[in-house]
Amino acid sequence: MAATEGRSLKKVEINEILDFIEDFYPEIKVILTGGISDEEILNTFENKAIILVNSRMSELCTVIDNAKLFMGVDTGTTHIASFLGQKSLIIAQ
């Protein structure tokens, strides 16, 4: 969920998405990823999602490849999901 400033989601937006998923798709496990600079904000959602911060590229690719759906903003991670052929929902602002 991390991105260059201007493309990243605000904390309230992430929370709304997580609440929606929890309400309508409670069986889905959500994994939030980001870099070191995202750690503080991502950790506020540790009761709603699995947090993956500053992971190795191989670990990130494995998580994306095994997901049912990738959802994110326009970042390099989104391009990785596309390369892996992952179904994606891209949030553009």
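The values are calculated or read from the model by the stated rules, or taken from the named source; none is laboratory data. A quick note: this is a predicted structure, and the numbers were derived from the prediction, not measured. Here Cβ is always computed from backbone atoms with ideal geometry, including for glycine, and neighbour counts include all displayed protein chains. For accessibility, only protein heavy atoms count, side chains too; no ligands or nucleic acids. Shrake-Rupley method; radii C 1.70, N 1.55, O 1.52, S 1.80 Å.
Regarding the chain, what is the average projected area of its C-alpha convex hull, in nm²?
Convex hull of Cα atoms, orientation-averaged projection: 5.6 nm².
Per residue, how much accessible area does the chain have with a 1.4 Å probe, in Å²?
The answer is 69 Å² per residue.
With a 1.4 Å probe and every protein chain kept in, tell me what percent of the accessible surface of segment 19-68 is carbon plus sulfur.
51 percent
Considering only Asn47, Asn66, Asn15, give the residue with the highest GNM mean-square fluctuation for the chain, with springs between Cα atoms whenever their separation is below 10 Å.
It is Asn47.
Compute the signed sum of charges (Lys and Arg +1, Asp and Glu -1) over the other residues within less than 10 Å, Cβ to Cβ, of Val30.
Net of charged neighbours comes to +1.
Using DSSP to define loop residues, name the trypsin sites (Lys or Arg not before Pro) in the chain whose beta-carbon has at most 15 other beta-carbon atoms within 10 Å.
Taking the chain and a limit of 15 other Cβ atoms within 10 Å, the loop trypsin sites (Lys or Arg not before Pro) found are Arg7, Lys10, Lys29, Arg56, Lys68, Lys87.
Which residue, Ile28, Ile41, Ile64, tops the fluctuation ranking in a GNM of the chain built on C-alpha contacts under 10 Å?
Ile28
Tell me the mean residue ellipticity at 222 nm calculated for the chain from its helices only (DSSP H runs of n ≥ 4, each -39500 (n - 2.57), averaged over every residue, nearest 500).
About -11500 deg cm²/dmol.
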